[in-house]
Amino acid sequence: MPYLMGESFILPSGQIIKNRICKAAMTERIAKGNNLTNQGHINLYKTWAEGDVGLLLTGNVQVDRRHVEGPANVVIDENNYKEQYESLKAWSRAGTKNNTQLWMQISHAGRQTPGEVNSSPLAPSNVRLKIPGRNYGTPLPMTEEDILDVIDRFAFTVKVARDTGFTGVQIHSAHGYLLSEFLSPDINTRSDAWGGNIKNRSRIHLEIIKKCREQVGFDFPISIKLNSADFQKGGFSAEECIQVASKLEDAGIDLIEISGGTYEQPRLIGVDNVSINPTRSEIRKESTIAREAYFLEYAKNIRKAVSLPLMVTGGFRTKQGIENALESRVCQMIGIGRPLCADPLCIKKMLNGQLETLPKYEKTLSLGPWILSPSSPFLIIKAINAFGSMSWFYQQIKRMADGKMPDLKQKILNALMADAKADKQAVKDYLEN
Ligand SMILES: Cc1cc2nc3c(=O)[nH]c(=O)nc-3n(C[C@H](O)[C@H](O)[C@H](O)COP(=O)(O)O)c2cc1C
């Protein structure tokens, strides 16, 4: 029987994606202190484009240099776009090789901007992000003028993406960054037209989409990454997500990617009490294939309300799991992240029938069973577990950007140290620019 994952797919805007697999957005953090595109981006996406995925999403490209998720993010704004126009074109040429779609993920980090970069970031309200061991400033609530500026910035960056050869864009409204903050009632406590009920909390999204469509028309794919829920008490809920999905469909979005969680609750990479606990994560490994997909159940409920294409990302590791999700018709695309850092060709191998299971490298830092207890008071260690393991993936991304293949033997502690050093240097470079 032909596998669905290898079937092509037509988006509402008329573009064709050659198969059902998307490399999920993964921040590259390889721009220098000037936040411009460089040869590393070109090398990296050339490697991924050789891996036969239908759609490559870039890591988050920021619309405002004062609001980056990391100091080595790419930023595109009116001040710097001319300087990097040619390198953006080279990036898109590399990432669209092999008939691959390359979409730019566009974001504003909001209150999740590191404090070293900006100690007073703009956000919907002044609710500060509190992560043990990390430094985030108390946000300045955005004025109406600030909000309109952000809307313009998204539209500008989308236009540059189109003009420089990217074949689509994704608006990042997940994982606790600015647009996701607007949706969350515990973070957006505004009482004006941009806060309060869900209609107001999603207003900025609809305004951005409208402005972007004015800039690029309707034949250019615009997608959005949305949290199925924040998994925070009083946060954006699964019921509200369904309402927002329906509004986004009406606004002319091509595809919604379903993810979930924030820095405070990193479900996006499968970290929750279950996976932190080794005994219970054992259960997870033996669980049904359907459960390998973190957010498929949420997507099922969203599907009841919308008919536009959905993509589900997070946790997919087997061909069978991918096929089951596609066969259910709940989603039309599957996002794959970490396995493509461990082996950029793993999807090609799976499509060729050489691989049934994708490489699993989502290690946690093992410092002793007491630390891994779900009731552990050692929140700092939990945070390290969640984000420390990310360092390993950042290191593999950096290797590919340097034209090397991933080093599967790299120890997570070494990766953590190398990453901390690189981060420190990146902050220094950023501040000097
Ligand atoms: C190193 C790394 C960087 C990431 N950066 C981003 C990002 O820039 N934008 C985004 O939407 N998600 C980001 N994510 C989340 C992934 O897109 C994806 O949702 C997550 O890894 C779960 O998919 P997986 O289980 O297949 O890895 C990142 C994940 C990793 C591991």
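What to note about this one:
- Using equal-weight Cα scatterers in the Debye expression, the normalised intensity of segment 4-362 in log10 at q = 0.06, 0.09, 0.11 Å⁻¹ is -0.19, -0.45, -0.69.
- Among the helices of the chain, those built from whole DSSP H runs whose Cα atoms reach 27 Å or more along their own axis and whose mean Kyte-Doolittle hydropathy is at least -0.5 are 144-163, 379-401, 412-432.
- Computed over neighbours whose Cβ is under 10 Å from that of residue 396, the net charge equals +2, Lys and Arg +1, Asp and Glu -1.
- Summed residue charge, Cβ within 12 Å of residue 308's Cβ, Lys/Arg positive, Asp/Glu negative: -2
- Beta bridges per DSSP with both ends in segment 4-362, % antiparallel, nearest 5: 10 percent
- Burial order of peptide ranges 240-246, 195-201 (average beta-carbon count within 10 Å, highest first): 240-246, 195-201
- Close amide H contacts of residue 168 (hydrogens built in the peptide plane, cut-off under 5 Å, sequence separation of 5 or more or a different chain): 102, 104.
- Taking each of 247/319; 225/300; 159/348; 97/421 in turn, the alpha-carbon distance tops 27 angstrom for 247/319; 159/348; 97/421.
- When peptides 57-70, 303-316 are ranked by their average number of other Cβ atoms within 10 Å per residue, the highest-first order is 57-70, 303-316.
- Each of the peptides 110-122, 249-261 was scored by the mean count of other Cβ atoms within 10 Å over its residues; in descending order, highest first, they stand as 249-261, 110-122.
- Sorted by Cβ neighbour density within 10 Å, fewest at the top, the residues 103, 194: 194, 103
No lab work stands behind these numbers, since they all come straight from the coordinates. Keep in mind that this is a model prediction, so the values were computed, not measured. Neighbour counts are summed over all protein chains in view; Cβ atoms, including those assigned to glycine, are modelled from backbone coordinates with ideal geometry.
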